[in-house]
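Enquirer: Handing you this structure, nothing more for now.
The values are calculated or read from the model by the stated rules, or taken from the named source; none is laboratory data. Computed from a predicted structure; not experimentally measured. Heads up, the Cβs are rebuilt from the backbone with ideal geometry, glycines too, and the neighbour counts pull from every protein chain shown. The protein model used for the area step is the full one, side chains on, heavy atoms only, and it has no ligands, DNA or RNA in it. Shrake-Rupley method; radii C 1.70, N 1.55, O 1.52, S 1.80 Å.
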Amino acid sequence: MASKKGIIITIAILAVISGASFVIWFLPQNNDSSLVVSDYKNELDSIKERKSLISSEIDSSLRGLSDKSTSPDEIINKTQVSSSQVTSLISELIESNAPPKWQQSYGAYFESLKKYNEYLTETITLANKVKTGISQNDLNDEMTKLDALMKESDTLAIKSDQTRP
């Protein structure tokens with residue numbers, strides 16, 4: 001049979017847990033955190049620099065895939081992480097709420113990042129094909145597709161630079 005002391009301790013613990021839950025439930029939640037940007041030029045430059053770092057890492061990995069010094073699984077892992085980072089950069093652009101004079105430049109870079117994310121998705125597809133076996137002609141076709149996506153991304157980035165206020 002349970003002792004009085006054990007029952008009292010159990011009731012006290014349950015009371016503390018219930019009370020803490022009640023307090024947390026009633027406290028106001030302020031989840032509307034936002035990114036405040038006052039220097040839109042530097043913000044865009046920062047995003048471009050981080051994308052450049054991501055891009056150089058993926059480029060070196062793709063070269064490693066070509067000369068077989070990097071495994072397809074390594075490329076897939078790096079590319080998935082990079083895609084997540086690019087998605088984060090896209091979110092930063094959206095959350096910055098650029099003023100009207102910066103909208104065109106931010107919009108073009110937003111499209112550039114989306115196109116680069118497509119490039120990353122195709123890179124994962126290529127790595128999976130290499131993993132299962134791919135002919136040289138198919139590999140060349142995939143590389144051509146990747147080059148076209150990269151050029152589109154670069155063109156949109158140039159448009160972003162040209163439309164800066």
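Enquirer: Name the pairs: first residue in the stretch 92-109 and under 20 Å from residue 154 (Cβ atoms), second residue among the charged types (D, E, K, R) and open to solvent by 40 Å² or more (accessible area, probe 1.4 Å), Cβ to Cβ under 8 Å, at least 6 apart or on different chains?
Expert: 105/161; 105/164; 108/159; 109/48
Enquirer: State which residue is most open to solvent (accessible area, probe 1.4 Å) when the search covers only the stretch 88-117 and only residues that are over 24 Å from residue 146 (Cα atoms) and acidic (Asp, Glu).
Expert: My answer is 95.
Enquirer: From the list 148, 157, which one is under 15 Å from residue 43 (Cα atoms) and not polar (S, T, N, Q)?
Expert: After applying the criteria, what remains is 157.
Enquirer: Can you name the condition, by its number, that residue 147 falls short on among (1) buried (at least 16 other Cβ atoms within 10 Å of the Cβ); (2) under 22 Å from the mean Cα position of the chain (by Cα)?
Expert: Going through (1) buried (at least 16 other Cβ atoms within 10 Å of the Cβ); (2) under 22 Å from the mean Cα position of the chain (by Cα) one by one, residue 147 breaks only (1).
Enquirer: Okay, next question. Being charged (D, E, K, R) and surrounded by fewer than 20 Cβ atoms within 10 Å (Cβ to Cβ) is the filter here; which residues of the stretch 65-87 pass it? Spell out how you get there, then give the answer.
Expert: Here is the first cut: in the stretch 65-87, the residues charged (D, E, K, R) are 67-68, 73-74, 78.
Scanning the stretch 65-87 gives 67, 68, 73, 74.
Enquirer: So residue 135 fits all but one of (1) modelled with pLDDT of 90 or more; (2) open to solvent by less than 60 Å² (accessible area, probe 1.4 Å); what number is the exception?
Expert: If we test residue 135 against (1) modelled with pLDDT of 90 or more; (2) open to solvent by less than 60 Å² (accessible area, probe 1.4 Å), just (1) comes out false.
Enquirer: Of the conditions (1) surrounded by fewer than 17 Cβ atoms within 10 Å (Cβ to Cβ); (2) without any contact (Cβ under 8 Å) to a residue 24 or more places away in the chain; (3) among the acidic types (Asp, Glu), residue 142 fails just one. Which one is it?
Expert: The one condition residue 142 does not meet is (1).
Enquirer: Are any residues in the stretch 44-59 hydroxyl-bearing (Ser, Thr, Tyr), open to solvent by less than 50 Å² (accessible area, probe 1.4 Å) and farther than 17 Å from residue 108 by Cα, and if so, which ones?
Expert: 55
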